[in-house]
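Student: A single structure is presented below for examination.
No lab work stands behind these numbers, since they all come straight from the coordinates. Nothing here was measured: the structure is a model prediction, and the numbers come from that model. Here the Cβ positions follow ideal geometry from the backbone for every residue, glycine too, while neighbour counts run over all protein chains shown.
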Amino acid sequence: DWYVDGISGDDADAGTSIAPFKTIGAAITAASNGQKIIIGTGVYNEQVATLNDYYYFYADGNVIMSASGLSQATCVYNCRSDQFHGIHFINADMIYYLNNYLYRPQFHDCIFTNILALTTTPTATYYNWGAYLIEFQRCRFQDCTLTSQAYIKYIKFYDCIFMNSPLGIDVLGTGYVTTNQYWDIKRCWFGRSDGYANPFVLW
């Protein structure tokens, strides 16, 4: 396992539990395919990009990944088959940015706050297998606008909570939505904090 501590870590350290890295990027550089990266409490204003490799990211404490000021305005960029556990993602234009047809990320027990889209690609008018088999389990979406700005197929939402976070489909306003299909939504709760509408559950 590799360890990250955004408060007291140092990227010049060995990345062990007693000498953790400071950034997630340093851990990705050091890790081998399929290894676990354990992230300590802190705010990480950086972009996770693993390309053809895959890793398991686990929060050990209050881990916040912020996309404020980042290029592509996302914390997760071109990741294939990565897993994210217990991480809080905030202030992003999209959860997942695709460029090279990479797919199958999983998010477990994560929180998403102030996210404007599920995913996007540089070009949204072609058949893009990049957004394929994205999975969310036991996640909470707070104050998000979860439209789809790219081709998405076989996306899963299981046991998730959506608060002030409508889930919809839109491809950059072009109306190109016919390839967004096979969305699997189970045991999810949708509600609003203003009390205007009663919450409902898709079972």
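Student: Using a 7 Å offset from the Cα along the Cα-to-Cβ direction at both Asp109 and Asp194, what is the distance between the two label points in nm, to one decimal?
Tutor: Here the modelled spin labels are 3.4 nm apart.
Student: Excluding Cys75 itself, what net charge comes from residues whose Cβ is under 14 Å from its Cβ, given Lys and Arg +1 and Asp and Glu -1?
Tutor: So the environment of Cys75 carries a net charge of -3.
Student: Would you please give the residues with an amide H less than 5 Å from that of Ile111, counting only those at least 5 places away or on a separate chain, with H modeled from the backbone geometry?
Tutor: Distant-sequence amide H within range of Ile111: Ile87, His88, Phe89, Arg140.
Student: Using modelled backbone amide H atoms (1.01 Å from N, in-plane), which distant-in-sequence or interchain residues come within less than 5 Å of Phe57's amide H?
Tutor: Here Ile37, Gln83, Phe84, His85 satisfy the definition.
Student: Which net charge results when you count Lys and Arg as +1 and Asp and Glu as -1 among the other residues whose beta-carbon is under 15 Å from that of Ile111?
Tutor: -1
Student: Right, next: What is the distance, in nm, between label points placed 7 Å from the Cα along the Cα-to-Cβ direction at Asn62 and at Ile18?
Tutor: Distance between the two pseudo-spin positions: 2.9 nm.
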